[in-house]
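To start, the structure itself, in structure tokens.
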Amino acid sequence: MLKKSFIYSSATIMLLTSACSNGQESAAGTESQPSAGKEPVELVLYSTAATSEAEVKAKFSDPIEQRFPNIKIKYIKKGTGTNINELVAAGQTIDIYYESVNFFQTVSTYQLGFDMTDLIKKHNVDLGAFDPTMLDYAKAMSGNGIYGLPVWSTNLILFYNKDIFDKFGVAYPTNGMTWDELNALAKKLTRSEGGKQYLGFAASTSHLLRANPFSLTFLDPKTDKATINTNEKWKRLYQTCFIQPSDDAGFRKAMTDSLNGKLPYKDPFLKDRNLAMIAYLSDLDWAGGGSEGMNWDIASSADVQGAPGVGSQAYPFYWGVTAQSKHKDEAMEVIKYLTSAEYQTKQARGGTMTALKDEAIKKQFGQDSKYKDKNLSAVFFNQYAPIPARSMYEPDAQKPYEDGVQTAALGAADLNTLFRSIEEAANKAVSDAKAKK
């Protein structure tokens, strides 16, 4: 799911739309030739992310069409009548598809997956330019082919409200904290003051589960069975990241009284402003767009004991040429352009995390954005945890794990009993999904 995963200002858009129409440096370090004089081609772009038309135009269509004068991007926005199952059933051709880490499950389910290996060689795209964890995942999920290339990424970082820290005289979080240090800090901020309950820390449950630092998967990719009772690290994850931060009577009362029995999420941080810290995707515009008057900043995600300097997994967005496309070369040229050093640098300066491993590009992150005075070193501070190969039914098993987090945070069940119920529910969800095929 893409929720405004880019940061762009008018300056950034000007940079994007003024992209040079001459030879273009690609990730491979070779030149992608402009397509002036070639036959006009319309490429249909689609994503289950439901990105706004304005964002697609500014971020992709305008730069692509300026770079390739013969190419017209037709973006179909997800919505009523345009969900992917409806488009496929109607015979609508999709030339380029993009999505986050569930990209590979989606393209396989709807027969959109196309091994781009030969196209990548033909168009001189250097696979060595990409972050290896993102590329390894693409290969693992494509049967050692490549159905998609990462164009940008996010990861988990820590957002914090400096005003709450100042109110209670607590030192701000720093890059490189461990989870134990983060939880100790959260305890100092989980308190009631002036009739208002303050909450120290919470994480975006869905994102932390999917991009967890232990590289755990909901299902065994070989058997499609739940792993919750077969890997002891699940207990450590639930206890460290969800139970310890909420293990307070006032915190749990707030969950019960005002949060419908769930952990605090966006509103307590952005609107109510009683949540001091939240682990969320590195989407600075998410905080910047809803926090007027809040004095906020960021720090790196906490690392786990035994793996210093390792944070969350990357949360990349993959783009792929589909099996349906009749314009595969043109579609590949578009993806090559989007992974070029020039385009990636402009996006990085605007605040979008690059999918390339180039340290020079990473150092320019956010320099043209309105967030350049924030602690931007936090975003690339940690190494990425490996992205594990996943079952094609991984998305079907997610809800039982998420529901289990809320139960665990409330202290409503012991973990052994809870994990058995998660296992049963996840396995049933997978069985039901298989039965529908």
Most to least packed among 81-87, 156-162 [average Cβ atoms within 10 Å] | 156-162, 81-87
May I ask you to work out the translational diffusion coefficient for the range 258-409 at 37 °C, viscosity 0.692 mPa s, via Stokes-Einstein with Rh from the Kirkwood sum over Cα pairs, reported in whole µm²/s?
-> 177
Unit charges on C-beta of K, R, D, E only; dipole of the range 254-405, Debye = 260
Using a simple charge model, +1 on the beta-carbon of Lys and Arg, -1 on the beta-carbon of Asp and Glu, nothing else, what dipole does the chain show about its Cα centre, in debye to the nearest 20?
-> 460
Taking one equal scatterer on every alpha-carbon of the range 163-286, how large is log10 of I(q)/I(0) by Debye at q = 0.11, 0.19, 0.21 1/Å?
-> -0.42, -1.11, -1.29
Using +1 at the Cβ of each Lys and Arg and -1 at the Cβ of each Asp and Glu in the chain, identify which of 105, 291, 411 lies farthest towards the dipole's positive end.
-> 411
Ordering 404-412, 294-302 by per-residue average of other C-beta atoms within 10 angstrom, highest first, gives 294-302, 404-412
So for the chain, Kirkwood radius off the Cα pairs, Stokes-Einstein at 4 °C and 1.567 mPa s: how many µm² s⁻¹?
-> 57
Residue (of 337, 367, 155) at the positive-pole extreme of the chain, dipole from beta-carbon charges = 155
Residue separation between residue 72 and residue 111 times 0.36 nm, minus their alpha-carbon distance, gives in nm 11.6 nm
The correct pair for the range 238-331, radius of gyration to one decimal and Dmax as a whole number, both in Å and from Cα atoms, is 19.1, 60
To the nearest Å, what is the center-to-center distance of the range 356-431 and the range 182-260, using C-alpha atoms only?
-> 11
Bin by bin, in steps of 5 Å, what percent of the Cα pairs in the range 338-401 do you find, going until the bin that has the longest distance?
-> 4, 16, 21, 15, 12, 10, 12, 9, 1
For the range 120-230, what size does the Cα cloud have along each of its three principal axes, sorted from largest down, in whole Å?
-> 65, 37, 22
Relative intensity, log₁₀ I(q)/I(0), of the range 322-437 from a Debye sum that treats every alpha carbon as a point, q = 0.10, 0.13, 0.16, 0.22 Å⁻¹ = -0.62, -0.86, -0.92, -1.07
At least 27 Å along the helix axis (C-alpha) and Kyte average at least 0.5, DSSP helices within the chain | none
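Bear in mind that the values in this text are calculations on the coordinates, not laboratory data. What you see is a predicted model; the values in this text were computed from it and never measured. Cβ sites come from the backbone with ideal geometry, for glycine too, and all protein chains shown count toward neighbours.
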